[in-house]
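Please read the structure below before turning to the comments.
The values are calculated or read from the model by the stated rules, or taken from the named source; none is laboratory data. Quick caveat: nothing in here was measured; it's all calculated off a predicted structure. Using ideal geometry, Cβ is built from the backbone for each residue, glycine included, and neighbour counts are taken over all protein chains shown. In case anyone asks, the SASA skips ligands and DNA or RNA and just uses the protein heavy atoms, side chains included. Shrake-Rupley method; radii C 1.70, N 1.55, O 1.52, S 1.80 Å.
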Amino acid sequence: ASNNIVRTTSAANIDAVSITMLLPSGLSEQDPANGDLNGSEVTFNIYTKLGAGTYSLYGTYTIKGKTVNPYEASYRINAPGAGTWSIKVERVTADPSATQHTNTTWSRMTEIQEVQVSYPDAAVVGVCPCGYCTPLCRRAT
């Protein structure tokens, strides 16, 4: 398997990340005997590390199927604790041969900050004084 991919969160208050893995050439394997395209699979491990600690396995994931188009799969990874943390993706499946289309790249990472906003004993009310402030008001006239 090839090089590991490592990314670090930008702030200490990140609760989770969504990582998207991209298979730019799709997911298939060509049979050298007859030229048929068959389904294939790629397996990778995701590790997390809090601060300067050590990496621990978060999970093992496999993408299976058959497509000749680019394919993306997203995974939510929860924070291992409070503070800045790192995510490492390690390909388990052997690197693709000339007949396989399973190149895998880390397309993007979205940081997720869960905020619990509460307004106890409160209600939200909207008033449209002119009657034209929304498309619904405009249709009524």
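Scanning the stretch 9-48 for residues that are open to solvent by less than 10 Å² (accessible area, probe 1.4 Å), more than 15 Å from the chain's Cα centre (by Cα) and among the hydroxyl-bearing types (Ser, Thr, Tyr) gives a single hit, Ser28. Against the conditions (1) of a type outside the set (A, V, I, L, M, F, W, C); (2) open to solvent by 60 Å² or more (accessible area, probe 1.4 Å); (3) under 25 Å from Val115 (Cβ atoms); (4) in contact with a Ser or Thr (Cβ under 7 Å, 6 or more places away or on another chain), Lys66 satisfies every one except (3). Only a single item in (1) part of a strand (DSSP E or B); (2) at pLDDT below 90; (3) open to solvent by 90 Å² or more (accessible area, probe 1.4 Å) is not met by Trp106, and it is number (3).
Yes/no per residue for (1) in a loop (DSSP other than H, G, I, E, B); (2) of a type in the set (Gly, Ala, Ser):
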site	(1), (2)
Thr20	no, no
Asn45	no, no
Ala73	no, yes
Gly81	yes, yes
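Can you tell me how many residues within the stretch 49-63 are open to solvent by 60 Å² or more (accessible area, probe 1.4 Å) and aromatic (Phe, Trp, Tyr)? Counting residues in the stretch 49-63 that are open to solvent by 60 Å² or more (accessible area, probe 1.4 Å) and aromatic (Phe, Trp, Tyr) gives 2.
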